[in-house]
Amino acid sequence: MANQSGSASPARASLASGGAGEHDPHALMRIKSLTLRARAVVEGFYTGLHRSPYHGFSVEFSEYRPYVQGDDPRGLDWKLYARSDRYYIKRFEDETDRLVYLIFDRSRSMGFGTLAYDKSQYAVTLAATLAYFMSLQRDSVGLLTFDESIGDWIPARQRPGHFRQLMVALTRPLAGAGTNLDQPLTQLAQRITKRGLVILISDLLAPIAELRANLAMLRSRGQEVMILRTLDPGEAELSIADLTTVVDLETGREMPLDPSSAREAYAKNFAAHRDEIRSICDALGVDLYELLTDQPLADALAHVVSMQQQRGGRHARRGMLRGGAGGAGGNRHGGGTP
């Protein structure tokens, strides 16, 4: 993407939003601690669930487990406490100790931004939010970062200090240049043997010739795959108004730009690229969710959770994991059952 010197559905929005301004990403990005940012989004998400008519959209109750520090106290069963004098949390069918792998794009194009923060800061917070939420759900979370080559590789685990290790990796500054979508997806498919959930966080502003083959390989091995495409509002619609010189963040190439003559071609090429990505995801049953960096991060978290719900809770997930079948439910930007 050159640099100069999605709204959610009504139901999902009511799920994610606890109140006006409560999930303002501009305010959120002013929090220096990445962990505190992630916690704020997750706590706001839970607040939104409580305030919305959808606060029962957990999943079917399964069993009890002992309360541990960090659990949401709203899950405590006080009647059982009165009988046993011990704290227990209701365990739901959704808590299946999954393997979750976050694939995070650290290429230079993620440094683009027309707001007070860039895509990378927003996407890092999104990845941290998912890691925090999944950890609370007792899922094992792993991380693979990439640019033109593989960066950090952290296998999915549940152990003390693991979440902090993920946060350290996510806060490393952007160092790479180009974007190579082929290498991380290929390596991930080769490295992970157990089936789980793979979430790719990227702007996907790169050639996608290899995307279909690599996503197909992950799906053929039974992996559930989700793409959270993160874009700046100035990319979705060319925002430059005056004649200027732009610089390609990944190559350093300078180009003169007359927005009045380039806007139509830009919109056409951007739409064609988006449609191609959508077509690939539709064909393979990969869930595709596009969000702009001025949207509340809780929207993306609500989408991830609701997609799991739409697959039918434990039974749908286990069917996919055991049989390798599956297809994602549709959303506003594509994905869906082939």
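The values are calculated or read from the model by the stated rules, or taken from the named source; none is laboratory data. Nothing here was measured: the structure is a model prediction, and the numbers come from that model. As a convention, Cβ positions derive from the backbone with ideal geometry for all residues, glycine included, and neighbour counts pool all protein chains shown.
A Cβ distance below 8 Å, combined with a sequence gap of six or more or placement on separate chains, defines the contacts here; from segment 210-233, residues that are more than 12 Å from V198 (Cα to Cα) and not assigned by TED's automatic domain parsing to the domain that holds R106 reach no residue that is surrounded by fewer than 23 Cβ atoms within 10 Å (Cβ to Cβ) and modelled with pLDDT under 90. Mind listing whichever residues of segment 64-108 are in contact with a Ser or Thr (Cβ under 8 Å, 6 or more places away or on another chain) and at pLDDT 75 or above? R98, L99, V100, I103, F104, D105, R106, S107 - these are the residues of segment 64-108 that are in contact with a Ser or Thr (Cβ under 8 Å, 6 or more places away or on another chain) and at pLDDT 75 or above. Every condition in (1) within 18 Å of V42 (Cβ to Cβ); (2) modelled with pLDDT under 90 holds for A131 except the one numbered (2).
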